[in-house]
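A.B. asks: Right, I'll just put the structure down here and ask away after.
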Amino acid sequence: MKTSFYTSWGNRGAVPHFATIPANMTQAHVIFEYDSSIVYGQGRSYGDVCLNTNGGLIDSRYLDRLLEYHEGARLITCQSGVVLKNLITFLETKKMFIPVSPGTANVTVGGMVANDVHGKNHHRVGSFGNHIQSLTLLKGDGSIEECSENINNELFRATIGGLGLTGMILTVTLKLKSVENNCIAIKSFKTKNIEHILALFDETDDEYEYTVAWLDMYSSPQKGIFNCGNHANGDIDCAAPVKSKTVPVNAPNWLLNGVSSKLFNKLYYSKASLFEREVTSYQSFFYPLDGVEFWNRLYGRRGFYQYQFVVPYGSFLTVYMDILKFIKKFNQPSYLAVLKKFGDIKSIGMLSFPRAGYTLAMDFPDKGRATLKMFEAFDKLVMDAGGAVYPAKDARMNRNVFLQSFPAVTEFIKHKDERFCSDFWRRVNIDG
Amino acid sequence: MAKILILGATSAIAEQLARLYAQADNEMLLVARNSKALDEVCRDLEVRGTGKVSSRSHDFNAIEKAQEFIKQCYEILGSIDIVLFAFGTLPDQTRSNQDTTLMHKEILLNYNAIVVLLNELGMKFEKQQSGTIAVLGSVAGDRGRQSNYIYGSAKGGLSIFMQGLRNRLARHDVQVLTIKPGFVDTPMTKSFKKGPLWVGPDKIAQDIKRAIDKRKDVLYTPWYWWWIMLVIRSIPERIFKKLKL
Ligand SMILES: Cc1cc2nc3c(=O)[nH]c(=O)nc-3n(C[C@H](O)[C@H](O)[C@H](O)COP(=O)(O)OP(=O)(O)OC[C@H]3O[C@@H](n4cnc5c(N)ncnc54)[C@H](O)[C@@H]3O)c2cc1C
Ligand SMILES: NC(=O)c1ccc[n+]([C@@H]2O[C@H](COP(=O)([O-])OP(=O)(O)OC[C@H]3O[C@@H](n4cnc5c(N)ncnc54)[C@H](OP(=O)(O)O)[C@@H]3O)[C@@H](O)[C@H]2O)c1
């Protein structure tokens, strides 16, 4: 069998796989020809949770059918390969929306379950896993398990946030929220420093469903933009921008460098007033980066990393300040940084990342050893504060960091399917 | 409001096109040989809002049943406004070169099975004096190449059959659309290495819908294949025969 090359969002090189692309759910049943397999959604994870080098890969792209829609109960059942942007387009016609959305709409429903993704409204509604009515899982032995709060509860909790290691999610039944239109009423603030942002999170928690802050890591103290929003009322329409641009190939390595990204951050800050419109589309509020498809290629052939962690509220400021020191010491500023506040709604997945605290996500170009050394320094700060590093964004954390971030892994192992594995799982080496 | 018949409805391209027609006032009859796979497609179209979706499983290798089959389609739909032919296989050229029985089977499905149905439908559409007959051909039918001429000849023959049918039905206000996609990323081409000329079936479906709306005769999709095939067709045969294509 021929090998196919797959990569993830960090774009640090494509690796060979024995890929199968089932055209329907029946075909998905005969996929386990290899010692190990992993399901690949849209590859929007930054690291290796969706990769299984030289092993089996099941590409879910054709499993993108909607199977059942219950308006009254506000439920939709769909196959796991349905891409969020297509789901949203359908839901728009029904005046419904998904309860939790990550920062890109180019992700699959299966991927959102397997990473138990969070959105800008975590403080109100928790993470994606908190809104799943039930799911069906195809196990490596060919059996299909229905899982929900009441049926196979443990397997349900292992699969949500389970990094694709408990089997292949075939279908998901998702609880929806009803909305009056497709608009978000927004408000943005320019912020002076990190304390200012933290104060705004506290002040806006009650009034706004969605809150997020962007930080210019080149400025000192870090200026930023704080965005908050609610679903708008009334009979209005905010149709999404028509077409996105795409970056067709990897840019030369020099294109995105300290100078250009500094400029970008400056421009973004100074132009921010332009975004201070009253109502805006989902696209521009939730998925601003989707406007340029495959923007990850701007980082060039070497690719990039994202480091996302969460620490308890009380420790955040100290950790943040220390991180700034390390960024300075290693002289590797973050090109893009986003801060969110998680609320205290408990995630139901055994390996779910969201938990009470602040979560900061920072993009860094891959500068080899030095970048990795800096991340190790971050790890220590985050671990000492009792925090966690996010596997969906990770390509380098070690076994200890993973174990400390996710103590319930001992419970999770019982539900890991032996026919499923990923580069991530081998890397954190829990089995061995 | 349209009544739509899709032959080979589990094809990735056909499924994407059906989604574009999923509206409350449209009615569809979907035909494919794998009924479980077909069921998934139907459920999706119902959720997306197609007025009425019926399905039938049928193996188009059964050429002798063509007449009866079309009759049954009319019994289910009453009348037909749009029919799309999407079933087909991509024969393994090397294997077919060694195995005449296999080659014959591929030609039967990709040419004979289609033209017999077209002939039946031609009579109905001629009477009806309206509607669209759309068939998935291929750019591979524009010139024979050693790597793919069994498939290519079936598609090329089909294209000539369609020209004739178009010529015959033009004055009866029937649109006869030959669709010639280039490289499309679907289950049919899953073993191919993909490059920059490849597109998804959703893109092809959008182009087909637009071509039907505009009542076009021949569609190259995406558009750049018109130019690529213009170049390919214009290479003199004495040079072309020496190329490794
Ligand atoms: C620009 C950008 C912004 C982002 N913003 C956020 C954010 O705000 N919040 C957040 O939480 N995340 C965010 N992410 C990360 C992203 O939401 C997750 O990585 C998501 O899981 C990607 O989905 P995918 O379909 O691409 O899955 P992949 O990356 O392909 O796979 C992710 C994991 O899901 C598993 N998986 C996928 N499908 C199945 C299935 N059918 N059955 C079993 N396992 C499956 C894979 O095996 C893998 O372990 C962002 C990513 C990008 C690129
Ligand atoms: N993909 C391309 O690059 C490309 C380029 C040019 C033209 N085309 C043409 O586009 C059309 C659709 O192809 P596609 O790309 O969408 O591929 P596809 O998804 O593989 O669709 C082909 C369909 O034909 C069906 N089929 C095959 N033999 C059949 C039979 N005997 N009876 C009933 N159904 C049968 C298959 O059903 P099963 O699943 O049950 O086998 C499948 O649903 C084909 O005519 C193809 O030649 C494709």
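A.B. asks: Please specify each residue of the range A:353-387 satisfying the condition of being surrounded by 22 or more Cβ atoms within 10 Å (Cβ to Cβ), under 15 Å from the mean Cα position of the chain (by Cα) and either closer than 25 Å to A:R12 by Cα or within 16 Å of ligand 2 (Cβ to nearest atom) (or both).
C.D. replies: Across the range A:353-387, the qualifying residues are A:F353, A:T359, A:L360, A:M362, A:D363.
A.B. asks: Same structure again: Would a scan of the range A:166-175 turn up a residue that is open to solvent by 40 Å² or more (accessible area, probe 1.4 Å) and modelled with pLDDT of 95 or more?
C.D. replies: Within the range A:166-175 (the criterion being open to solvent by 40 Å² or more (accessible area, probe 1.4 Å) and modelled with pLDDT of 95 or more), the answer is yes, since at least one residue qualifies.
A.B. asks: Report the residue count in the range A:102-121 for those that are within 7 Å of ligand 1 (Cβ to nearest atom), of a type outside the set (V, I, T), under 12 Å from A:I132 (Cβ atoms) and within 9 Å of the chain's Cα centre (by Cα).
C.D. replies: Adding up the residues that qualify gives 1.
A.B. asks: Which residues, taken from the range B:43-65, are within 14 Å of chain A (Cβ to nearest Cβ), open to solvent by less than 30 Å² (accessible area, probe 1.4 Å) and at negative phi?
C.D. replies: Answer for the range B:43-65, where residues must be within 14 Å of chain A (Cβ to nearest Cβ), open to solvent by less than 30 Å² (accessible area, probe 1.4 Å) and at negative phi: B:D44, B:L45, B:V47, B:T50, B:V53.
A.B. asks: Any idea which of A:L63, A:L51, A:L67 is in a strand (DSSP E or B), open to solvent by less than 40 Å² (accessible area, probe 1.4 Å) and closer than 24 Å to A:V117 by Cα?
C.D. replies: Within the list A:L63, A:L51, A:L67, the selection yields A:L67.
A.B. asks: Here is a further query. Scan the range A:176-225 residue by residue and report those that are open to solvent by 30 Å² or more (accessible area, probe 1.4 Å) and within 22 Å of A:L324 (Cβ to Cβ).
C.D. replies: A:F189, A:K190, A:K192, A:N193, A:E195, A:H196, A:A199, A:D202, A:Y218, A:S220, A:P221, A:K223
A.B. asks: Same structure again: Being out of contact with any Ser or Thr (no Cβ under 8 Å at 6 or more places or on another chain) and under 18 Å from B:E15 (Cα atoms): is that true of B:D207 here?
C.D. replies: So B:D207 fails the test.
A.B. asks: Considering each residue of the range A:74-86, count those that are more than 11 Å from every other protein chain (Cβ to nearest Cβ) and under 17 Å from the mean Cα position of the chain (by Cα), and give that number.
C.D. replies: Result for the range A:74-86: 4.
A.B. asks: Now for a separate question. Give me the residue from the range A:14-72 that is charged (D, E, K, R) and within 14 Å of chain B (Cβ to nearest Cβ) and, out of that set, nearest to B:K193 (Cα to Cα).
C.D. replies: Within the range A:14-72, the match that is nearest to B:K193 (Cα to Cα) is A:D59.
A.B. asks: Quickly run through the range A:70-98 and pick out the residues that are open to solvent by less than 10 Å² (accessible area, probe 1.4 Å), more than 11 Å from ligand 1 (Cβ to nearest atom) and assigned to a loop (DSSP other than H, G, I, E, B).
C.D. replies: Listed by number, the list holds a single entry, A:I98.
A.B. asks: Check whether at least one residue in the range A:305-313 is crowded, with 17+ Cβ neighbours inside 10 Å and farther than 20 Å from A:M383 by Cβ, and report yes or no.
C.D. replies: So far as the range A:305-313 goes, no, none of its residues is crowded, with 17+ Cβ neighbours inside 10 Å and farther than 20 Å from A:M383 by Cβ.
A.B. asks: Can I ask one more? Any residue in the range A:1-22 that's open to solvent by 20 Å² or more (accessible area, probe 1.4 Å): show its pairings with residues that are of a type in the set (S, T, N, Q) and assigned to a strand (DSSP E or B) at Cβ separation under 8 Å, as long as the two are six or more apart or on different chains.
C.D. replies: Cβ pairs passing all conditions: A:P16/A:S4; A:F18/A:S4.
A.B. asks: Filter the range A:392-432 for residues that are farther than 28 Å from A:F18 by Cβ and aliphatic (A, V, I, L, M); which is most open to solvent (accessible area, probe 1.4 Å)?
C.D. replies: Checking each candidate, the answer is A:L403.
A.B. asks: Next question, about the same structure. B:L17: part of a helix (DSSP H, G or I) and either more than 14 Å from chain A (Cβ to nearest Cβ) or away from ligand 1 (no atom under 16 Å from the Cβ) (or both), yes or no?
C.D. replies: Taking the combined requirement at face value, the residue satisfies it.
The values are calculated or read from the model by the stated rules, or taken from the named source; none is laboratory data. Here the structure is a predicted model, which means the values were calculated and not measured. So basically every Cβ, Gly included, is an ideal-geometry build from the backbone, and we count neighbours across all protein chains shown. The area values use the complete protein model at the heavy-atom level, side chains included, leaving out ligands, DNA and RNA. Shrake-Rupley method; radii C 1.70, N 1.55, O 1.52, S 1.80 Å.
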